[in-house]
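First comes the structure, then the notes that go with it.
Quick note: the coordinates plus some simple rules give every number you see, no bench work behind them. Computed from a predicted structure; not experimentally measured. Here the Cβ is made from the backbone with ideal geometry for all residues, glycine too, and neighbour counts use every protein chain on show.
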Amino acid sequence: MGKKVTVVGAGFYGSTTAQRLAEYDIFETVVITDIVEGKPEGLALDMSQSRAIEGFETRVVGQTTGPGGEGYEAIAGSDVVVITAGLPRKPGMSRMDLLGVNAKIVRQVSENVAKYAPSAVVIVVSNPLDEMTALTQLATGFPKQRVLGQAGILDTARFTTFVAEAAGTPVRSVKTLTLGSHGDTMVPVPSQCTVDGKPLVDVLPQEKIDELVTRTRNGGAEIVGLLKTGSAYYAPSAAAARMARAVAEDSGAVMPVCAWVDGEYGISGVYLGVLAEVGAEGVRRVVAAPLADGELAALKGAAEAVRAKQADVAGL
Ligand SMILES: NC(=O)c1ccc[n+]([C@@H]2O[C@H](COP(=O)([O-])OP(=O)(O)OC[C@H]3O[C@@H](n4cnc5c(N)ncnc54)[C@H](O)[C@@H]3O)[C@@H](O)[C@H]2O)c1
C-alpha cells in the first residue's frame, strides 16, 4: 500500500512542509490538519490543483480538527506525522517563551496522534523544540526512537549557507554540522566542517568562524526580526520534509536530528540534537561524531541544560 503522511498545523511551516512532501511524489496521501475551520481543506484543494502543473500524483487531503479530537479519523494509518501546531516567535521572544502555550497544543495533538495513528513515526517541529519532542514522547507513550525532532538539519543548513557565502564557494562544496539544542546551547561543530574537503580552519580565519557560529546560533531570531510577524519556514520545512522522506523510504540516511540519547558521548536519558540514522522505525541508531574536546564539553553542557527543562514538561 502507498505511504501516508500527516502534517498537523496548516500555518506557514505546515503548509510548506505538506507542499514539499506532495511534490516529492512518493506518498499516496498527504493529510494536512488545523483547528481553523476550512483552512486545511482550502490549502489541500489549492495544492491538489498544482498537480497537473508540477506533475505529481499524491493526493492532498485537508481536515479541520476540533478540541475534542473531532476529525482526527483522517490521519488513521499514517506512517509519519509531522507536528507543526503551535505559536511561532515574535521579535524579542526566545523559543522558551512559547513553552506554556505550545505545551497545551502539542499535548492535545499528541494524544490524538496516539489514538488515531498508533504506529506512526512522529516528527516534532513546534517550539521550544527539544522540550516539545520530549513532551510528545510522553503524551503519545510511543517508543522513544519513534519520536524525533527537527532542528539540526536546519541549523546545519544555515551554517553551511553562511560558510559558503564567506568562502565564496557553492553550498554543495561545504559540509558543516551543528548538534546540541535548538536554542542557546546549540553546538556548531567546526572540527567536522570542510570546504572542498579542506578543514574549515584552513579556509577561514578563526574570528570569522566564530562570527558565523554566532550567526548560526541566532539564525532563527535574525529572520524573526526581519519578518516581524512570524518565523522562518522555507528552510525549516525542507528539513522536516527530508526527515519524513527518510522514514517513508526507510533510507537509513544519517542526519542531525533531535533524538533520544542513551549512552552515546557519555550522555544518557535526554532528547538532544545528534547525528542519527533515520528509517521506517524512526531513529535506528545515534551515530557518535568525533568531536574536539571543547565541542564534547559543549554538547554535554547542552544535554544538562535541556535535561533540566525536559524534566519539567511532564507537568505541562
Ligand atoms: N524546529 C524548528 O526548526 C522550527 C523552525 C521554525 C518554526 N518552528 C515552530 O513551528 C511552529 C509553527 O510555526 P508556523 O510558522 O507554521 O506558525 P503559524 O502560526 O503560521 O502556524 C501554526 C498553525 O498551528 C495551528 N494550530 C494551533 N493549535 C492547533 C491544534 N491544537 N491543532 C492543530 N493545529 C493547531 C494554528 O491554527 C496555525 O495555523 C511554531 O511553534 C514555530 O516556533 C520550528
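Do any trypsin sites (Lys or Arg not before Pro) in the stretch 158-256 lie in a loop, going by DSSP, with at most 14 other beta-carbon atoms within 10 Å of their beta carbon, and if so which?
For trypsin sites (Lys or Arg not before Pro) across the stretch 158-256 that sit outside H, G, I, E and B with at most 14 neighbouring Cβ atoms in 10 Å, the list reads 228.
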Residue-wise HN-Hα coupling along the stretch 109-124, computed from phi with Karplus coefficients 6.51, -1.76, 1.60 (Hz; x: Gly, Pro) = 5, 4, 5, 6, 4, 4, 6, 9, 9, x, 10, 6, 8, 10, 10, 9
key: Phi-based couplings in Hz for the stretch 286-303 (Karplus 6.51, -1.76, 1.60; Gly and Pro marked x)   = 7, 9, 7, 7, x, 10, 5, 3, x, 5, 5, 4, 5, 5, 5, x, 4, 4
key: Test item: Cα-centred dipole of the chain, Lys/Arg +1 and Asp/Glu -1 on Cβ, debye   = 180
key: the stretch 1-95: GluC sites (Glu not before Pro) in DSSP coil with no more than 15 other Cβ atoms inside 10 Å   = 28, 37, 57, 70
ask   = Once amide H atoms are placed 1.01 Å from N in the peptide plane, what residues at a sequence separation of 5 or more from residue 279, or on another chain, have their amide H within under 5 Å of its amide H?
value = 252, 284
ask   = Taking square-rooted eigenvalues a ≥ b ≥ c of the alpha carbon gyration tensor, is the chain rounded, prolate or oblate, where a/c under 1.5 means rounded and, failing that, a/b exceeding b/c means prolate?
value = prolate
ask   = What residues qualify as long-range amide H neighbours of residue 124, i.e. H under 5 Å apart, gap of 5 or more or another chain, H built at 1.01 Å from N?
value = 83, 148, 149, 150
ask   = Mind listing the Cα extents of the stretch 93-144 along all three principal axes, in Å, largest one first?
value = 35, 17, 14
message = Give me a comma-separated list of calculated 3J(HN,Hα) values for the stretch 223-234, in order, Karplus coefficients 6.51, -1.76, 1.60 applied at θ = phi - 60°, integers in Hz, x for any Gly or Pro.
response = 6, 4, x, 7, 6, 6, 10, x, 10, 4, 8, 5
inquiry  = Could you tell me the relative contact order of the chain? Use alpha-carbon pairs under 8 Å, at least six residues apart, and round to a whole percent.
reply    = 17
query = Hey, if you drop one equal point scatterer on each alpha-carbon of the stretch 111-197 and run the Debye formula without solvent, what base-10 log of I(q)/I(0) do you get at q = 0.16, 0.17 Å⁻¹?
reply = -0.69, -0.74
